[in-house]
Amino acid sequence: MSANERIVVVGFGNMGQALVRGWLAKGRGASSMRVVEPAAAARVIARDLGVAVEEGVGAADVVVIAVKPKQLADVLARCGAAVRSGAVFLSIAAGKTLAEIGKGLGGDVGVVRAMPNTPAAIGRGMTALVANAAASRVQRALCGELLAAVGSVAWLDDERHMDAVTAISGSGPAYVFLLIECFEHAAIDLGLDAALAKQLALATVAGASAYAADAREAPAELRRRVTSPNGTTQAALDVLMAEPGMRELLVRATRAAAERSRELAKV
């Protein structure tokens, strides 16, 4: 793979911007990228990054579809020139299937579906990808490389798993943000000031996550290791792990998110 493939990004919101910044940081030239985006403020950001803004989707090697699901059909209908040039289409539109995207493009077109998450904005994202049969090995590798510029990637063998991925890593940052929010609230309830509460919550979650990622042991073992019998941590876990506890709540929450992902595919 070179760093000169022609990339068109349709939709330049938070994720589109995160991707472009990641590619630039990895050495891809701004001249190899183009943005299609109606919002004036986002167009200014693209130009400030040195990336050209165009009105339509022209010939390309890869077209990144970074729009809201409800906008997808209209975007696909305007991608004829890219289809004719042999582009692969990399979609991050939530809930929209490979078959639906391929049908909207009107032919046997290489399509890769991806589910990145918000930490991509700082190069710490997690993205799962799945490709249709028309996507070549080279096209798959290119899409994987583009997403790896903003974090870790994992390929799925079965598109049906994308709903689960959406519920875990796609929506997961919001669950962690909620945990931080709850930590802050609990600290304030115990008498700490807001600034210290925020510092303790952020550092604890970030440090524990980094420690777990670096450790060889499973998270359950790490939890047991820091939990002294009849100690303070045990007192808290007795509450969090009671039924229905944190585990049951997260299972219910992620099932709800996965179900909503399936519903979006039908809209």
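The values are calculated or read from the model by the stated rules, or taken from the named source; none is laboratory data. Predicted model only: the values in this text are computed from it and were never measured. Positions of Cβ are generated from backbone atoms using ideal geometry, with glycine treated the same way; all protein chains shown enter the neighbour counts.
General remarks:
- Filtered by the rule that a residue be in a helix (DSSP H, G or I) and loosely packed, with under 14 Cβ neighbours inside 10 Å, segment 126-151 gives Arg137, Val138, Ala141.
- Qualifying residues in segment 220-231 (those that are polar (S, T, N, Q) and farther than 18 Å from Val205 by Cα) - the one surrounded by the fewest Cβ atoms within 10 Å (Cβ to Cβ): Asn230
- Listed by first and then second residue, the pairs with beta-carbon distance under 7 Å, at least 6 apart or on different chains, first residue in segment 39-63 and in the same structural domain as Val109 (by TED's automatic domain parsing) and in contact (Cβ under 8 Å) with a residue 60 or more places away in the chain, second in a loop (DSSP other than H, G, I, E, B) and of a type outside the set (Gly, Ala, Ser), are Asp61/Glu5; Asp61/Arg6; Val62/Glu5.
- Number of residues in segment 71-114 that are assigned to a helix (DSSP H, G or I) and either surrounded by fewer than 24 Cβ atoms within 10 Å (Cβ to Cβ) or without any contact (Cβ under 8 Å) to a residue 60 or more places away in the chain (or both) equals 19.
- Counted residues, segment 128-137 - those being in contact (Cβ under 8 Å) with a residue 40 or more places away in the chain and either more than 23 Å from Leu264 (Cα to Cα) or among the hydroxyl-bearing types (Ser, Thr, Tyr) (or both): 2
- Residue match in segment 131-150 (condition: under 18 Å from the mean Cα position of the chain (by Cα) and of a type in the set (S, T, N, Q)): no
- Test set (1) within 24 Å of Gly170 (Cβ to Cβ); (2) small (Gly, Ala, Ser); (3) surrounded by fewer than 23 Cβ atoms within 10 Å (Cβ to Cβ) - Gly58 fails condition number: (1)
- Checked against the criteria, Thr204 counts as out of contact with any Gly (no Cβ under 9 Å at 6 or more places or on another chain) and either modelled with pLDDT of 95 or more or among the basic types (Lys, Arg) (or both).
- Matching residues in segment 209-258 - criterion: being touching an Asp or Glu at 6+ places or on another chain (Cβ under 8 Å) and without any contact (Cβ under 8 Å) to a residue 40 or more places away in the chain: Arg225
- Qualifying residues in segment 152-173 (those that are within 24 Å of Val20 (Cβ to Cβ) and free of Cβ contacts under 8 Å to residues at least 60 places away in the same chain) - the one surrounded by the most Cβ atoms within 10 Å (Cβ to Cβ): Val165
- The residues of segment 174-198 that are surrounded by 14 or more Cβ atoms within 10 Å (Cβ to Cβ) and not aliphatic (A, V, I, L, M), listed by number, are Tyr175, Phe183, Glu184, Lys198.
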